[in-house]
1. Identify, please: which residue in segment 24-54 is of a type in the set (Ser, Thr, Tyr) and out of contact with any Pro (no Cβ under 9 Å at 6 or more places or on another chain) and is, among those, surrounded by the most Cβ atoms within 10 Å (Cβ to Cβ)?
2. Go through (1) part of a helix (DSSP H, G or I); (2) within 18 Å of the chain's Cα centre (by Cα) one by one and return the number of the condition residue 89 breaks.
3. Of a type in the set (S, T, N, Q), in a strand (DSSP E or B), assigned by TED's automatic domain parsing to the domain that holds residue 350 and at pLDDT below 90: does that describe residue 305?
4. For segment 210-241, give me each residue that is closer than 16 Å to residue 170 by Cβ, of a type outside the set (D, E, K, R) and not in a loop (DSSP other than H, G, I, E, B).
5. So residue 178 passes all but one of these: (1) in a loop (DSSP other than H, G, I, E, B); (2) under 25 Å from the mean Cα position of the chain (by Cα); (3) within 21 Å of residue 43 (Cα to Cα). Which condition number does it fail?
6. Which one of the conditions (1) within 25 Å of the chain's Cα centre (by Cα); (2) at pLDDT 95 or above; (3) more than 16 Å from the ligand (Cβ to nearest atom) does residue 218 fail to meet, given that it meets all the rest?
7. Would you be able to tell me the number of residues in segment 55-72 that are among the hydrophobic types (A, V, I, L, M, F, W, C), surrounded by fewer than 17 Cβ atoms within 10 Å (Cβ to Cβ) and without any contact (Cβ under 8 Å) to a residue 40 or more places away in the chain?
8. Is there a residue being surrounded by fewer than 20 Cβ atoms within 10 Å (Cβ to Cβ) and more than 12 Å from the ligand (Cβ to nearest atom) anywhere in segment 225-233?
Amino acid sequence: MGEEKPPRARSSAPRGEEKREARLPVSFDQFAERLLDWYLKERRELPWRSNPDPYWVWLSEVMLQQTQVKAALPYFERFVQAYPTLRHLAQADVDEVLSRWSGLGYYSRARNLHRAARQVCRDHNGRFPRSYSEAVALPGIGRYTAGAVLSIAYGLAYPVVDGNVRRVMARFLCIEAELTSKSLERLWRLLEECVQAPAVQPRVSEFNQALMELGALVCTPRNPLCGRCPLADDCRGLAAGLAEELPRRSRRRKVEKFQYLVAVVADGPRYLLHQNHSETFLKGFWEFPRVDLGSAGQKEKLFRQQHGLVLVNPVPLWVVRHQITYRKMSFHPFKAELQGPLPGNGYAWAELNSPSHPVPAYVRKIERAALVGGPDSGVSRKDAKTQRVLK
Ligand code: SF4
């Protein structure tokens, strides 16, 4: 085990429930052996597996939160090409980092990664710390990420419980109740015991990855491939006929809908962009100027009132839809020309791939829509969709 242990929450679960959920139906050794045998044959070759450098492992874990491996891979490769070491990342400008992150979403992860890289260079000589308490003191690093980096990169006996592990364990143990912070805490403790078992400890890096990989490839959210699962013989969820139903879903945050009018003003390859100063959503990014569609009034007037922009000759484009977490957004873009000067600070002419003006993914989608045109362009909405221009 590493020098320190993560904090444990006290459990107030009824004794019977705790016993039922917190025991494996096989020994830790058997559990690990089956997983590891399977993993060595079936695992995917991934860059951070062939090179488990702490920086690479950390970056992959941050990118893979809410993103599938297939989608994250090209970002990972471009990122480490641009910033081969933590020091390169720490020295980079945050706008440039955000620009390279654009498309992955959850931009606070990129900001935290960048801040944490600077802290690691300042306080830990550019090397991700080996101590749990120092790791979780870094911005954006919690129990899961600390456990993943310390176990995978350094072989320290910390467990990991991500969405995949939760699902595998909820099914294997047949946890029928919705997973709560208490039942999750029991899962963490069970796996903590497991990774400290003498036969598992020396292979903790592979053990943790095996459990996550099983969730990603076999014990999938829908249609789990139980016939190919190394744990099937003792899986309580499978025996109870509940494999696909578990874990029980928690109530999700309600999706909210937003509609915006967006002005696309081009000057050769450059566009008129406005920096977002909102406190919570896409803060710091550059976007096409937009106003709420709910705002009453003629669109040219709205842009004059809210942005100080005098726009003429508006031509509508196809509507673009985009979702970020619980925000479902419809953008109603139109091309226009600008009369007069830019309003001042917070507005600029820039190309969309300019590192000094990072843009979120939806802006590129609108640009693609602008290239196809709109209702008057001769390209039908259906054709535009078929060309995968609009989502
Ligand atoms: S047997 Fe099926 S439900 Fe059980 S762990 Fe394996 S894939 Fe998941």
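The values are calculated or read from the model by the stated rules, or taken from the named source; none is laboratory data. If you're wondering where the values come from, they're calculated on a predicted model, not measured in any experiment. Using ideal geometry, Cβ is built from the backbone for each residue, glycine included, and neighbour counts are taken over all protein chains shown.
1. 27
2. Status for residue 89: all satisfied but (2).
3. Values: of a type in the set (S, T, N, Q): yes; in a strand (DSSP E or B): no; assigned by TED's automatic domain parsing to the domain that holds residue 350: yes; at pLDDT below 90: yes.
Criteria not met by residue 305.
4. Answer for segment 210-241, where residues must be closer than 16 Å to residue 170 by Cβ, of a type outside the set (D, E, K, R) and not in a loop (DSSP other than H, G, I, E, B): 211, 212, 214, 215, 216, 226, 232, 237, 238, 239.
5. (3)
6. Failing condition for residue 218: (3).
7. Residues in segment 55-72 being among the hydrophobic types (A, V, I, L, M, F, W, C), surrounded by fewer than 17 Cβ atoms within 10 Å (Cβ to Cβ) and without any contact (Cβ under 8 Å) to a residue 40 or more places away in the chain: 1 in total.
8. no
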